[in-house]
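Trainee: Structure in structure tokens, see below.
The values are calculated or read from the model by the stated rules, or taken from the named source; none is laboratory data. In this text, all values refer to a predicted model and were calculated from it rather than measured experimentally. Counting neighbours? That spans all protein chains shown, and the Cβs are built from the backbone with ideal geometry, glycine included.
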Amino acid sequence: MERIFILVEHFAGKIRAVSYELVGVANLLSSFQPAEIKAILLGENIENLAKEFSEKSDLETFAISVPGLETYNAGVYKEALLNLFKEFPFSFCLSSHSTQGLDFVPALAVKQGAGCITAVELIEEKDNDLIYKRSISGGKLITSLKNKAPSLFLTIQPGSFKSIENGTTFTAKVIQRVYSSTSSTVRNITTKSLNVDSSRLSEAKVIISVGRGIGDEEHLELIDQLAALFPKSAIAGSRPLCDLGWLEYKQQVGVTGATVSPDLYLACGISGTSQHVIGMKGSGLIVSINLDPNAAINNVSDICVVEDLKTFIPVLLEEHHKRRLL
Ligand SMILES: Cc1cc2nc3c(=O)[nH]c(=O)nc-3n(C[C@H](O)[C@H](O)[C@H](O)COP(=O)(O)OP(=O)(O)OC[C@H]3O[C@@H](n4cnc5c(N)ncnc54)[C@H](O)[C@@H]3O)c2cc1C
């Protein structure tokens, strides 16, 4: 019997919702190729979380307790998992395509001599082969990949697959293990909460969202002026603008930011990668302003303005001003 492992992600004593989407992916894979599915959690005193995951997923779950592993540590994760895989070979090992998954899974795959496909959004069967699809070039292209390695790690794009239904509680099946890490050179110094509060975005009827296409911080003035036209509006943006410090992290929309659904979402100079689109695709009317007619944001937009935003927004503001005076 083949085996599929799910690497359950958790932070600050909570299981990340995406881990339940991984169960959906595992079920899909095992419908193509029957396999037993098992979950793995690592950490110090991890038994309770492993029990919670097992009760919700009905999966046999390894609780690997690592003394001293208070927070995620790439080195220790790799060591402990390689140790488990010696005893339990697998055909698939699934993780979230998150900062954490990206941090350790590709290196783990190299150590294990396995294949690795990251940011998977769709899995299909074609001519008795599994095809893994993911977006590239800022979401403009979709690539299809096949695996030739005997075992495969997949990092799964959050929001791409259905989560399992929560609500039913099953009897927990937890397998307890202890692993004492010896050689990791990686040490977590501190983890700081950003106190992100996206409540303003969730209440806004209109969101003016800005991306790297704005070019320069001083041009954000245009976005302020545009937002001022709409009552109950808020300014949001893509992750690079938050990383640059031009916006606050509480304004970030996407997989690692807020999920929003205003009546109007105006995306200015945003390419529309899947990490951003996941957070705003539920909006009412989506309007994009982008120089590139092939930008991926246009795939989810109701109105696509193919223009330089620095030319278009001043004209829009001026036109609005003129009409108000009529
Ligand atoms: C694990 C992980 C998590 C992530 N989480 C998020 C997330 O939560 N949210 C998020 O947004 N991103 C996230 N990202 C980053 C994401 O992959 C993209 O890099 C990011 O969304 C791109 O931002 P952007 O669209 O502003 O920039 P770009 O991709 O650089 O796009 C800029 C766009 O502006 C257009 N443009 C340029 N000049 C002009 C102009 N003068 N007028 C009009 N248009 C113009 C271009 O044609 C282009 O389409 C994540 C990435 C990873 C790996």
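Trainee: Give the number of residues within segment 120-139 that are at pLDDT below 95 and either among the aliphatic types (A, V, I, L, M) or not assigned by TED's automatic domain parsing to the domain that holds Ser31 (or both).
Mentor: Within segment 120-139, residues that are at pLDDT below 95 and either among the aliphatic types (A, V, I, L, M) or not assigned by TED's automatic domain parsing to the domain that holds Ser31 (or both) number 1.
Trainee: Got a sec? Which of Lys250, Lys205 is more than 13 Å from the ligand (Cβ to nearest atom), in contact (Cβ under 8 Å) with a residue 40 or more places away in the chain and either in the same structural domain as Gly159 (by TED's automatic domain parsing) or out of contact with any Cys (no Cβ under 6 Å at 6 or more places or on another chain) (or both)?
Mentor: Lys205
Trainee: Which one is farthest from the chain's Cα centre (by Cα) among residues in segment 208-246 that are of a type in the set (S, T, N, Q) and closer than 20 Å to Ser283 by Cβ? It would help to see each step written out before you state the result.
Mentor: Going through segment 208-246, the residues of a type in the set (S, T, N, Q) turn out to be 209, 225, 233, 238.
After this cut, where a residue has to be closer than 20 Å to Ser283 by Cβ as well, the list is 209, 233, 238.
Working: Ser209: 19, Ser233: 26, Ser238: 14 Å.
So, considering only residues that are of a type in the set (S, T, N, Q) and closer than 20 Å to Ser283 by Cβ, the one farthest from the chain's Cα centre (by Cα) is Ser233.
Trainee: Looking only at segment 253-273, filter to residues that are surrounded by fewer than 23 Cβ atoms within 10 Å (Cβ to Cβ) and assigned to a strand (DSSP E or B); which one of those is farthest from the ligand (Cβ to nearest atom)?
Mentor: Taking the candidates together, the pick is Leu264.
Trainee: On to the next question. Inspect all residues belonging to segment 76-91 and state whether any of them is outside any helix (DSSP H, G or I), closer than 20 Å to Phe11 by Cβ and in the same structural domain as Val18 (by TED's automatic domain parsing).
Mentor: Within segment 76-91, not a single residue is outside any helix (DSSP H, G or I), closer than 20 Å to Phe11 by Cβ and in the same structural domain as Val18 (by TED's automatic domain parsing).
Trainee: Still on this model: Among the numbered criteria (1) of a type in the set (A, V, I, L, M, F, W, C); (2) modelled with pLDDT of 95 or more; (3) under 26 Å from Arg134 (Cβ atoms), which one does Val18 miss?
Mentor: Failed condition: (2).
Trainee: Hey, Glu318 hits all of (1) near the ligand (Cβ under 7 Å from one of its atoms); (2) out of contact with any helix residue (DSSP H, G or I) (no Cβ under 6 Å at 6 or more places or on another chain) but one; which does it fall short on?
Mentor: Going through the list (1) near the ligand (Cβ under 7 Å from one of its atoms); (2) out of contact with any helix residue (DSSP H, G or I) (no Cβ under 6 Å at 6 or more places or on another chain), Glu318 breaks only (1).
Trainee: Please list, ordered by first then second residue, the pairs with beta carbon atoms under 8 Å, 6 or more apart or interchain, first in segment 174-188 and modelled with pLDDT of 90 or more and among the polar types (S, T, N, Q), second surrounded by fewer than 17 Cβ atoms within 10 Å (Cβ to Cβ) and not in a loop (DSSP other than H, G, I, E, B).
Mentor: The qualifying pairs are Gln176/Glu47.
Trainee: I'd like the full set of residues that are farther than 30 Å from Asp292 by Cα and surrounded by 14 or more Cβ atoms within 10 Å (Cβ to Cβ), limited to segment 112-144.
Mentor: The answer is Gln112, Ala114, Gly115, Cys116, Leu130.
Trainee: Also: For segment 302-316, check the following and say yes or no: at least one residue is within 22 Å of the chain's Cα centre (by Cα) and more than 26 Å from Glu218 (Cβ to Cβ). Can you show your working first?
Mentor: In the first step, residues of segment 302-316 are kept if they are within 22 Å of the chain's Cα centre (by Cα); the result is none.
No, segment 302-316 contains no residue that is within 22 Å of the chain's Cα centre (by Cα) and more than 26 Å from Glu218 (Cβ to Cβ).
Trainee: Are any of the residues in segment 156-171 of a type in the set (Gly, Ala, Ser), under 24 Å from Ser95 (Cβ atoms) and within 16 Å of the ligand (Cβ to nearest atom)?
Mentor: Taking segment 156-171 and keeping what is of a type in the set (Gly, Ala, Ser), we get 159-160, 163, 167.
Now narrow it down to the ones that are under 24 Å from Ser95 (Cβ atoms): 159-160, 163.
Right, trim to within 16 Å of the ligand (Cβ to nearest atom) and you get 159-160.
Within segment 156-171, one or more residues are of a type in the set (Gly, Ala, Ser), under 24 Å from Ser95 (Cβ atoms) and within 16 Å of the ligand (Cβ to nearest atom).
Trainee: Please name all residue pairs, on different chains or six or more residues apart, with Cβ atoms under 6 Å, provided the first residue is in segment 51-78 and is over 22 Å from Lys111 (Cβ atoms) and the second residue is aromatic (Phe, Trp, Tyr).
Mentor: What qualifies is Glu55/Phe170; Asp58/Phe170; Thr61/Phe53.
Trainee: For segment 295-315, give me each residue that is within 22 Å of Ile136 (Cα to Cα), assigned to a loop (DSSP other than H, G, I, E, B) and within 8 Å of the ligand (Cβ to nearest atom). Can you show your working first?
Mentor: Looking only at segment 295-315, we keep the residues that are within 22 Å of Ile136 (Cα to Cα), and these are 295-301, 304, 306.
Next, from what is left, pick out any that are assigned to a loop (DSSP other than H, G, I, E, B): 295, 300-301, 306.
If the condition is that a residue be within 22 Å of Ile136 (Cα to Cα), assigned to a loop (DSSP other than H, G, I, E, B) and within 8 Å of the ligand (Cβ to nearest atom), then Ala295 is the only one that fits.
Trainee: Out of the residues in segment 274-294 that are outside any helix (DSSP H, G or I) and small (Gly, Ala, Ser), which is farthest from the ligand (Cβ to nearest atom)?
Mentor: Taking segment 274-294 and keeping what is outside any helix (DSSP H, G or I), we get 278-294.
Among the residues that remain, those that are also small (Gly, Ala, Ser) are: 279, 282-284, 288.
Values: Gly279: 6, Gly282: 15, Ser283: 14, Gly284: 20, Ser288: 9 Å.
Only one residue tops the list, namely Gly284.
Trainee: Mind telling me which of the residues Ile223, Ile214 ends up being within 14 Å of the ligand (Cβ to nearest atom), in contact with a Ser or Thr (Cβ under 9 Å, 6 or more places away or on another chain) and in contact (Cβ under 8 Å) with a residue 24 or more places away in the chain?
Mentor: On the way: Ile214 fails: in contact with a Ser or Thr (Cβ under 9 Å, 6 or more places away or on another chain).
Going through Ile223, Ile214 in turn, the sole match is Ile223.
Trainee: Could you check how many residues of segment 56-75 are assigned to a helix (DSSP H, G or I) and either crowded, with 20+ Cβ neighbours inside 10 Å or among the aliphatic types (A, V, I, L, M) (or both)?
Mentor: Restricting attention to segment 56-75, the residues satisfying the condition of being assigned to a helix (DSSP H, G or I) are 56-57, 74-75.
Checking which are either crowded, with 20+ Cβ neighbours inside 10 Å or among the aliphatic types (A, V, I, L, M) (or both) leaves us with 56-57, 74.
Of the residues in segment 56-75, 3 are assigned to a helix (DSSP H, G or I) and either crowded, with 20+ Cβ neighbours inside 10 Å or among the aliphatic types (A, V, I, L, M) (or both).
Trainee: Could you give me the residue pairs with C-beta distances under 7 Å whose first residue belongs to segment 132-159 and is within 10 Å of Glu121 (Cα to Cα), whose second residue is in a loop (DSSP other than H, G, I, E, B) and of a type in the set (Asp, Glu) wherever it lies, and which are 6+ apart or on separate chains?
Mentor: Filtered contacts from segment 132-159: Lys133/Glu121; Arg134/Glu121; Ser135/Glu121; Gln157/Glu121.
Trainee: Out of the residues in segment 35-54 that are under 24 Å from the mean Cα position of the chain (by Cα) and outside any strand (DSSP E or B), which is farthest from Asn83 (Cα to Cα)? Working first, answer last.
Mentor: Pass one, segment 35-54, residues under 24 Å from the mean Cα position of the chain (by Cα): 37-43, 46, 49-50, 52-54.
Filter once more, so that each one left must be outside any strand (DSSP E or B): 46, 49-50, 52-54.
On the way: Ile46: 18, Leu49: 21, Ala50: 19, Glu52: 24, Phe53: 22, Ser54: 22 Å.
That would be Glu52.
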